[in-house]
1. Please list the non-local residues whose amide H lies under 5 Å from the amide H of L429, H modeled 1.01 Å from N, same-chain partners needing a gap of 5 or more.
2. Go ahead and run the numbers for FRET between S269 and D448, Cβ-Cβ distance against an R0 of 41 Å, rounding to 0.05.
3. For the stretch 331-470, state what percent of all Cα-Cα pairs lands in each successive 10 Å bin, counting from 0 Å until the bin that includes the largest distance.
4. Of the listed pairs K254/K399; K95/K399; K64/K451; K64/K468; K27/K417; K60/K91, which have alpha-carbon separations greater than 25 Å here?
5. Sort 403-412, 374-383 for me by packing, meaning the mean count of neighbouring Cβ atoms within 10 Å per residue, highest on top.
6. Could you give the length gained by full extension between K254 and Q85, i.e. 0.36 nm per residue of separation minus their alpha carbon distance, to one decimal place?
7. Under a 5 Å amide H to amide H cut-off, with H placed in plane at 1.01 Å, what residues pair with Q74 once short-range neighbours are removed?
8. Ordered by residue, what ³J(HN,Hα) values in Hz, to whole numbers, does the stretch 500-511 give under the Karplus form 6.51 cos²θ - 1.76 cosθ + 1.60, where θ = phi - 60° and Gly and Pro are x?
Amino acid sequence: MASWSAPSPSLVEYFEDQTSFQCGYCKNNFGSRSHGMWAHSMTVQDYQDLIDRGWRRSGKYVYKPVMNQTCCPQYTIRCHPLQFQPSKSHKKVLKKMLKFLAKGEISKGSCEDEPMDSTMEDAVDGDFALMNKLDIKCDLKTLSSDLKGSIEGEEKEKEKSLKKEGSKELIHPQAIEEKLGSGEPSHSIKVHIGPKPGKGADLSKPPCRKAKEMRKERKRLKLMQQNSAGAFEGFQAQGQPVSLLPKAKSNQPKSLEDLIFESLPENASHKLEVRLVPASFEDPEFKSSFNQSLSLYTKYQVAIHQDAPVLCGKSEFTRFLCSSPLEAEHPANGPECGYGSFHQQYWLDGKIIAVGVIDILPYCVSSVYLYYDPDYSFLSLGVYSALREIAFTRQLHEKTSQLSYYYMGFYIHSCPKMRYKGQYRPSDLLCPETYVWVPIEQCLPSLDNSKYCRFNQDPQAEDEGRSKELDRLRVFHRRSAMPYGVYKNHQEDPSEEAAVLEYANLVGQKCSERMLLFRH
């Protein structure tokens, strides 16, 4: 591989006015508010630092909700893949996929929620309407020839904390009756109620047990017979009751990778292959699969989001999910695939049935969007793809140790349909005022009481990454990069400083010194 050189600095164009538009979650006509900027180009480190301050991209448009004013506050959420353990529902989805691949079995029942922000494009439609009205005269091809210098600086702060909360159970008389009838042991309650004539259990007979408990006991006895027949016979000879026999040690639970990559029979009914393709028309694999991917996107948008076909054509698809401001980077200490924007294509029997759009950044895999074939909704492809992306993050971590998080976009507690992201734990939410990460368990009680919350419990804590020296902010003016302190000496409009200061506070000191703010 050729030697890696540092990328050119990010070039952004900030829009001074907040935008108000229809919310994609609660459908409030003018309730959603956000700041926005157009990223002509962006380094992966700058975008990493921006999403750690609540920003998120949609195509080349990068936006940040005005958290204390928007109708549905959107909190950045990240999962810890290294500590992640799949839940019972997650395992159920993985087993369902394996059964389908192995035997072609189709499970009946409701589909799981999608794991990623499938309504994200609705939430920024108003911003793209604004984009169409703006006259962005900045030509990237012209500017790129002028951007040759590199800007040093890379820093990242991470916090990991877990808090376990106990819960006290209040016992109600009705709950007592239900508990006794459930077959669960209750050591704190002693109730002796005789059955009515002709009804109830016969107290002269041993109590019934749950079938699940009986199956577990039979399995335990079978293991003991196989592994320690002599000891088992010894207990029988001593007349020990079966319930007092020592329990066999349970096997270690299967890892996420074990469940995903469980071997299939040679005569499996289906073959699933996941391909990672750079989101670039210069990549031959991306280019050759583009039309099939576009057709799948249109089918998904029409069926799932009831979009008109004309609104999800080639230009909309390209703008939304193919165009990215992120410059591909391949440093020696990075992952083999490099950093940048990618499509993870799920090929079933030679056909694409789902595509997960992701960004691979210095410290995380960031999920952008997922679209899939509605004909395969029974496979819960939303949940399945999220679990695959968590496993993929763990795989990247093996080569690049600092890449250890999985960003799931925004968590919206005020929208019940968007709360499922909190089920991927352990996970953190980003404090909208101090930009520190707080375990989601500590945030939920506050969110139950108020849509907008400051998660940092220290009232004296401030935004440590805020802009402190405005004159060190970098601007790009007349094809030249310069500090803002130099630029403002040539400006006659003093009101411009208010917009520049707002931009600096939103992106933070580090990004303001590295990125170039385009000024006409």
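The values are calculated or read from the model by the stated rules, or taken from the named source; none is laboratory data. If you're wondering where the values come from, they're calculated on a predicted model, not measured in any experiment. All Cβ positions, glycine included, derive from the backbone under ideal geometry; neighbour counts span all protein chains shown. Note: areas computed on protein heavy atoms with side chains; ligands, DNA, RNA excluded. Shrake-Rupley method; radii C 1.70, N 1.55, O 1.52, S 1.80 Å.
1. V438, I440
2. About 0.35, to the nearest 0.05.
3. Here the calculated profile for the stretch 331-470 is 10, 32, 32, 20, 5, 1.
4. Pairs exceeding the cut-off: K95/K399; K60/K91.
5. Top to bottom by mean Cβ count within 10 Å: 403-412, 374-383.
6. Working: separation 169, 0.36 × 169 = 60.84 nm, distance 0.94 nm.
Full-extension gain reported as 59.9 nm.
7. It is none; the list stays empty.
8. Those phi angles translate into 5, 5, 4, 4, 4, 5, 6, 8, x, 5, 4, 5 Hz.
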